[in-house]
1. Picking from 34, 57, which residue would you name as being open to solvent by less than 80 Å² (accessible area, probe 1.4 Å), at pLDDT below 95 and assigned to a helix (DSSP H, G or I)?
2. Going through region 24-39 one residue at a time, which ones are over 18 Å from the mean Cα position of the chain (by Cα) and either of a type in the set (A, V, I, L, M) or within 10 Å of residue 64 (Cα to Cα) (or both)?
3. Any idea which of (1) crowded, with 16+ Cβ neighbours inside 10 Å; (2) part of a loop (DSSP other than H, G, I, E, B) is the one residue 128 doesn't satisfy?
Amino acid sequence: MSAKKKESGAFGVMSVLSYIGNGIWALLFMILLIACITNGTSMQNSGTFDGLFGGMIGVFAAMSALVIIMCWLCISGVAKMKKGNRRGFMFYLIGNGLWIMLLIYAGREGNVTFLSGAVISIVFVTFYAMNLPKMKG
């Protein structure tokens, strides 16, 4: 029998929080994506489809799809890191790095909520980066 490497309690807690946070955001943006597709299709079928408004629905749908992909990258990255794979950090960094940039962009006029979210995400990335030496290739 091979001895399984024990992960730290903090790593386990941060992993669970990452799964929960990214899962909730993915679910919320999946609902938004479905709503955009449903409303865009019904507006187009009813003949009241306006170019500008239809374009905005398209932008919301594209942004929703982007956030869902970012959340998937984060979740798969954490899963790989839990197995000790360093490549998982790159997945997590790409997904969460894009999320951080979106939050900073949204909070550029001083919105504390967005900026606080960016700081929390930076803490998660920093925590996982500090655990990189404990992971194998």
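The values are calculated or read from the model by the stated rules, or taken from the named source; none is laboratory data. Computed from a predicted structure; not experimentally measured. Positions of Cβ are backbone-derived with ideal geometry, glycine not excepted, and every protein chain shown enters the neighbour counts. Surface accessibility is based on the protein's heavy atoms, side chains included, excluding ligands, DNA and RNA. Shrake-Rupley method; radii C 1.70, N 1.55, O 1.52, S 1.80 Å.
1. Working: 34 fails: open to solvent by less than 80 Å² (accessible area, probe 1.4 Å).
Only one candidate passes the filter, namely 57.
2. First, the residues of region 24-39 that are over 18 Å from the mean Cα position of the chain (by Cα): 35-39.
Hits for region 24-39 are 35, 36, 37.
3. It is condition (2) that residue 128 fails.
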